[in-house]
Amino acid sequence: MQEPVEQWLQELLKLDNEEIQMTDKQLKIVQAASEVFAQKGFAASSTSEIAQRAGVAEGTIFRHYKTKKDLLFSIVAPVMAKLVAPFVLRDFFKVLDGSFDSFEEMLRAIIENRIAFLERHMQVFKIFIQEIPFHPELQEQFQELILAKVLKKFSSNIEKFQKQGAIVEWSPHTVIRLTASTLIGYVLTRSFVNKEKNAAWDDELEREATITFILKGLAP
């Protein structure tokens, strides 16, 4: 199930009380903003709607946050640094540190891992996927906290399978980009498709097609 917003906010507050000292009103504002940003996106959200949902006056928001962008960063930046980055790395590294007999076995493990992650953290993920492309500051933080570490760990796995002759000897970063874009496409589509109403979606068939596509595309 999707993790309730309240849970990850409470976890955020527990992480570093000296750095993040939120009042009850700030907590209500951040919670309301996270819900509105996830539903409408940053650009289409208004501080008046956030204030109404938080049960505070709009002026209260601006006493705590100078701009709507400051409010966005109060959610995304600390959550990325203190929750998402450590969780993504710890959770994902369990897969990348695993011992796999084949590249296909690793792909299947990654798919299962990322599906489970999205099902628990969909609302926070929506904010990230909507806002990171439009905010260079968040892109830089994402690259530093998550992407660089994942690439380093993932590359060692790719090099291992290349030495075994299982996949083409392209740059590991190229192999990762092609693999990741295909896997992300499947996982995101699966997450946003209403499988009960969309009879055309055959999840098992789509997963097998995704894995076969990657294996054949990267065959030596």
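The values are calculated or read from the model by the stated rules, or taken from the named source; none is laboratory data. Just so we're clear, the structure is a prediction, and the values are computed from it rather than from any experiment. All Cβ positions, even for glycine, are placed from backbone atoms using ideal geometry, and neighbour counts span all protein chains on display.
Some observations on this one:
- Number of the condition not met by ALA166 [criteria: (1) part of a helix (DSSP H, G or I); (2) surrounded by 15 or more Cβ atoms within 10 Å (Cβ to Cβ); (3) modelled with pLDDT of 80 or more]: (1)
- Residue check, ASP16 loosely packed, with under 14 Cβ neighbours inside 10 Å and modelled with pLDDT of 75 or more: no
- Filter pass, ALA32 being under 24 Å from GLU119 (Cα atoms), of a type outside the set (Lys, Arg), modelled with pLDDT of 80 or more and part of a helix (DSSP H, G or I): yes
- ILE50 vs. criteria modelled with pLDDT under 55 and either in a helix (DSSP H, G or I) or at negative phi (or both): no
- Of all residues in the range 35-65 being among the hydrophobic types (A, V, I, L, M, F, W, C), under 14 Å from LYS25 (Cα atoms) and without any contact (Cβ under 8 Å) to a residue 24 or more places away in the chain, the one that is surrounded by the fewest Cβ atoms within 10 Å (Cβ to Cβ): ALA57
- Number of the condition not met by GLU144 [criteria: (1) within 30 Å of SER45 (Cα to Cα); (2) modelled with pLDDT of 85 or more; (3) exposed (fewer than 14 other Cβ atoms within 10 Å of the Cβ)]: (2)
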